[in-house]
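I have placed the structure first, in the form of structure tokens, so that the comments after it can refer back to it.
The values are calculated or read from the model by the stated rules, or taken from the named source; none is laboratory data. Predicted model only: the values in this text are computed from it and were never measured. Reconstructed Cβ throughout: ideal geometry from the backbone, glycine too, with neighbour counts over all protein chains shown.
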């Protein structure tokens, strides 16, 4: 979806099709704020592309939890 | 915490103290991958600062869920 500038909402629409987590390099969670009246979830893909995801979609929540809950984190290594 | 370059782990340590969600402009969830063997959560603060958070900390998961589950999303507006 085309990206508006950072001072406005960045997502004009969201991707409905499920994306395989392995294709995602990172997820950006942006709460609503002065810049935009709605919260946004933007995935940066491993190929560099950016895709807006629907924060209410169950598969998006699954991917977020998968990232948060995967086995190892820096605190377990320290 | 000092930031390593994007091609390596970005977090050398994580912030233990709870941060008020209102101070956070966005959250970046980075799964482990070829660049870094551990998953990372990086908060960009409204004042522009960057802070590494512990993905396993309950308060971090609360903030993530708060952003995902707040009332309005672009799909409910469309």
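Taking the criterion of being outside any loop (DSSP other than H, G, I, E, B) and either at pLDDT 95 or above or surrounded by fewer than 20 Cβ atoms within 10 Å (Cβ to Cβ) (or both), would at least one residue in segment A:3-14 satisfy it?
So the first thing to find is which residues in segment A:3-14 are outside any loop (DSSP other than H, G, I, E, B), and the list is none.
Checking segment A:3-14: not a single residue is outside any loop (DSSP other than H, G, I, E, B) and either at pLDDT 95 or above or surrounded by fewer than 20 Cβ atoms within 10 Å (Cβ to Cβ) (or both).
Every condition in (1) modelled with pLDDT under 95; (2) within 25 Å of residue A:10 (Cα to Cα) holds for residue B:53 except the one numbered (1). Taken as a whole, segment A:60-78 holds no residue that is more than 30 Å from residue B:16 (Cβ to Cβ) and modelled with pLDDT of 90 or more.
When residue B:61 is tested against (1) within 7 Å of another protein chain (Cβ to nearest Cβ); (2) farther than 16 Å from residue A:27 by Cα; (3) out of contact with any strand residue (DSSP E or B) (no Cβ under 8 Å at 6 or more places or on another chain), only condition (2) is not met.
For segment A:16-51, which positions are assigned to a loop (DSSP other than H, G, I, E, B), loosely packed, with under 15 Cβ neighbours inside 10 Å and in contact with a strand residue (DSSP E or B) (Cβ under 7 Å, 6 or more places away or on another chain)? Once the filter is applied, which keeps residues that are assigned to a loop (DSSP other than H, G, I, E, B), loosely packed, with under 15 Cβ neighbours inside 10 Å and in contact with a strand residue (DSSP E or B) (Cβ under 7 Å, 6 or more places away or on another chain), segment A:16-51 yields only A:46.
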